[in-house]
1. Among the residues of region 76-128, count how many are within 17 Å of the chain's Cα centre (by Cα) and part of a helix (DSSP H, G or I).
2. Please find, among L44, L78, L55, the residue that is within 14 Å of the ligand (Cβ to nearest atom), touching a residue at least 60 places away in the same chain (Cβ under 8 Å) and closer than 21 Å to I227 by Cα.
3. Please find, within region 152-180, the residue that is surrounded by the fewest Cβ atoms within 10 Å (Cβ to Cβ) out of those that are assigned to a strand (DSSP E or B) and away from the ligand (no atom under 12 Å from the Cβ).
4. For region 139-180, how many residues are within 18 Å of the chain's Cα centre (by Cα) and on the phi > 0 side of the Ramachandran plot?
5. When you check L186 against the structure, is it outside any strand (DSSP E or B), in contact with a strand residue (DSSP E or B) (Cβ under 7 Å, 6 or more places away or on another chain) and under 27 Å from Q31 (Cβ atoms), yes or no?
6. On the basis of being within 27 Å of L83 (Cα to Cα), surrounded by fewer than 22 Cβ atoms within 10 Å (Cβ to Cβ) and modelled with pLDDT under 95, does K183 make the cut?
7. Among V114, V74, which is hydrophobic (A, V, I, L, M, F, W, C), buried (at least 24 other Cβ atoms within 10 Å of the Cβ) and under 22 Å from G233 (Cα atoms)?
8. Take the conditions within 17 Å of the chain's Cα centre (by Cα), touching a residue at least 40 places away in the same chain (Cβ under 8 Å) and either closer than 25 Å to R231 by Cα or more than 15 Å from the ligand (Cβ to nearest atom) (or both) and apply them to L36. Does it pass?
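The values are calculated or read from the model by the stated rules, or taken from the named source; none is laboratory data. The structure presented is a predicted model; accordingly, all values stated were derived computationally and were not measured. Ideal geometry is used to build each Cβ from the backbone, glycine not excepted, and the neighbour counts take in all protein chains shown.
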Amino acid sequence: MEHGRLARPAQQAVKKGNELAKPKTKKPDWQMPGILSEPVEDYLYSMLPPRDEVLAEMEAEAAKRKIPIVGPAVARILHQLALMINAKTVFEMGSAIGYSTIWWARAVGQGGLVFYTDGDRKNADQARGYFERAGVLSRINITTGDALELLSEHKQEFDIIFNDVDKEDYPRVFRLAVPRLRKGGLFVTDNVLWSGKVAQKNPDKTTSAILEFNRLLYDSPDLFTTILPIRDGVAVAVKR
Ligand SMILES: C[S@@+](CC[C@H](N)C(=O)[O-])C[C@H]1O[C@@H](n2cnc3c(N)ncnc32)[C@H](O)[C@@H]1O
């Protein structure tokens, strides 16, 4: 993983006696507490090594403009999963300013390729600048439009498909994505616990779509799935 000058994380819990004291700074929106207990979540974030200048700037930008990036705790999972299966091709659905894309791109290394997709051209322009500064532009294919359509246009199989689009589309993404993964490939999805709403009664339309999606993941004979309850919940499914 390439590192430039290291910047401090946006917010760190401070150890005080036997307890973690509440951080003095306001938590960035992307941290999304609510699934794990707050002290445990704070502890996990306090363990994270500082990010380089580009990623730290993106985290600050996302917090300022309320861009829902995965944040560093989940980004590390993405990076680690790619390293674990020696992934060389990643198709990312919903890339925004490219924060998660950079973590994928650093994991696939030289010769790897990450497909950035987003519906907003302005996001893509901004992401390109970050990719250049992060030194990973050459391993990222940037396209704008509907990520589901863009995935359908690619005929190849991918090592990893990462799903972070509008949540109501998740069941449709399931049907499109699974056939496009190689055997042993990973289908990774963010926000599958939806701030805990998946466990509440009378789900709204968005929560119902996520519930249907999670059921599809666990019931599929083609996948073996686990939901990691970190931040807003990350589903990791390996294709059999
Ligand atoms: C949660 S953000 C992505 C954050 C990014 N994965 C990260 O962690 O850095 C979701 C993004 O997906 C885009 N999006 C949502 N639905 C989409 C679709 N069907 N096709 C393309 N982009 C979509 C939105 O414009 C938004 O920028």
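1. The qualifying residues number 22.
2. The conditions single out L78.
3. That would be D159.
4. Residues meeting the conditions: 0.
5. So L186 fails the test.
6. For K183, the condition - within 27 Å of L83 (Cα to Cα), surrounded by fewer than 22 Cβ atoms within 10 Å (Cβ to Cβ) and modelled with pLDDT under 95 - is not met.
7. Result of the check over V114, V74: V74.
8. no
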